[in-house]
Amino acid sequence: MEWDLLEKSTRKPRDRMFFSSFRKPRPEQKRAEPHIPDGMRLYIIGDVHGRDDLLDVLCGAIVKDMAETPSERTSVVFLGDYIDRGLRSAEVVERIVSGRTPAPVIALRGNHEAILLQFLEDENVLDSWRRYGAMETLLSYGVDIKEVLRGRGFGAAQAELREKLPAAHRRFFEETKLSWSLGDYFFCHAGCRPNVPLARQQQGDLLWIREEFLAFSGSWDKVVVHGHTPAQEPEELPQRINLDTGAYATGRLTGLVLEGSTRRFLST
C-alpha cells in the first residue's frame, strides 16, 4: 500500500469553478486565512468504519510525518464512525482506548456510535441498525448473530453485546464529543444546520445532517471539518472540508493536517 501525501495551500482552493460566480474582493476586504494557534498541529481523521488495517497505515504515516517535521503540540482528531461496515470495529476502538495512536486523541461521536449506544438501551434499534453495519460490529465483539440474520433474537444479541463490550469501550463511546473547535475550525461528524450559529447546533444535525448542509453555499464564523458523506476525494470548499472518502469500501482513509494557516492531506 503506497502513500499519497498531498500538500495544499489555503490560498489555492481546489474547486476553482465554485468561485466563478463571485467578484474578487478588493484587497482591504480579504479575510485572514483560517488558522489554528501557532505551535500546534492537528491530524484529523475521517470515517474509519471498522478498517483498522487502514488506520494502522495512516497512523504509521502520521508518525513519519511527525518525525520529519516536529511540532510543539500535536493532537489527533477523529470525526466519528469508528464502527460498522468494516470487519474490525472492536480493533479500531481498542487501538484508540489503549493509546496506540501517534498523539493524544480528541474523539468525536458519529451517528453509528449513537446508534450502538441506543441499542444498548433498546433492543428494537437492531431492526434498522443491522441493515447498515451492525452485523460486522457485533461479530467483531464476538456476538452470535445467527438469529439476528433471521430477523429475530434482538434481545439476546443486546444482552451478549452488553456482556462482551469492554467497559473501556463503552466508556469511550459514551464520552465522545458532539463537536470541538480550535482556532478558525469547527469539527463535527455530519455537518451543521445552515444559518444557525455553531454554538447553537443541535445533536441531530451534528450527527445526521446531509442535504441541507452540503447544498449550503453560505458560511459560518469557522470552517466546518466533517465526514459522514462519502466522496471520491477530500472536498475542500471555503466553508467546509469533507474527509469521508468511503474507507470501508474504497480502501482510502483520509486525514487532514492543520498547522498555522496551512493544510495538507494524507490518504491511504
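If you filter the range 194-244 down to residues that are basic (Lys, Arg) and touching a residue at least 24 places away in the same chain (Cβ under 8 Å), you find that the one that is nearest to residue 115 (Cα to Cα) is 240. When you check residue 245 against the structure, is it under 14 Å from the mean Cα position of the chain (by Cα), open to solvent by 10 Å² or more (accessible area, probe 1.4 Å) and not small (Gly, Ala, Ser), yes or no? In short, no.
Among the residues of the range 217-230, just one is surrounded by 16 or more Cβ atoms within 10 Å (Cβ to Cβ) and among the small types (Gly, Ala, Ser), namely 227. Per the conditions (1) modelled with pLDDT of 95 or more; (2) outside any helix (DSSP H, G or I), the sole criterion not satisfied by residue 151 is (1).
With respect to the conditions (1) over 19 Å from residue 244 (Cβ atoms); (2) open to solvent by 40 Å² or more (accessible area, probe 1.4 Å), residue 105 lacks only one, and its number is (1).
With respect to being closer than 27 Å to residue 60 by Cα, touching a Leu at 6+ places or on another chain (Cβ under 8 Å) and part of a helix (DSSP H, G or I), residue 170 fits the description.
The number of residues in the range 163-216 that are in contact with a helix residue (DSSP H, G or I) (Cβ under 8 Å, 6 or more places away or on another chain), surrounded by 13 or more Cβ atoms within 10 Å (Cβ to Cβ) and among the charged types (D, E, K, R) comes to 3. Counting just the residues of the range 41-99 that are among the hydrophobic types (A, V, I, L, M, F, W, C) and more than 17 Å from the chain's Cα centre (by Cα), which one comes out nearest to residue 178 (Cα to Cα)? Among them, the one singled out is 87.
Per the conditions (1) buried (at least 17 other Cβ atoms within 10 Å of the Cβ); (2) within 16 Å of residue 259 (Cα to Cα), the sole criterion not satisfied by residue 70 is (1).
In the range 248-266, the residue that is nearest to the chain's Cα centre (by Cα) out of those that are buried (at least 16 other Cβ atoms within 10 Å of the Cβ) and closer than 11 Å to residue 86 by Cβ is 253.
The values are calculated or read from the model by the stated rules, or taken from the named source; none is laboratory data. For clarity, every value in this text was computed on a predicted model and none was experimentally measured. Cβ atoms come from the backbone with ideal geometry, glycine included; neighbour counts cover every protein chain shown. The area values use the complete protein model at the heavy-atom level, side chains included, leaving out ligands, DNA and RNA. Shrake-Rupley method; radii C 1.70, N 1.55, O 1.52, S 1.80 Å.
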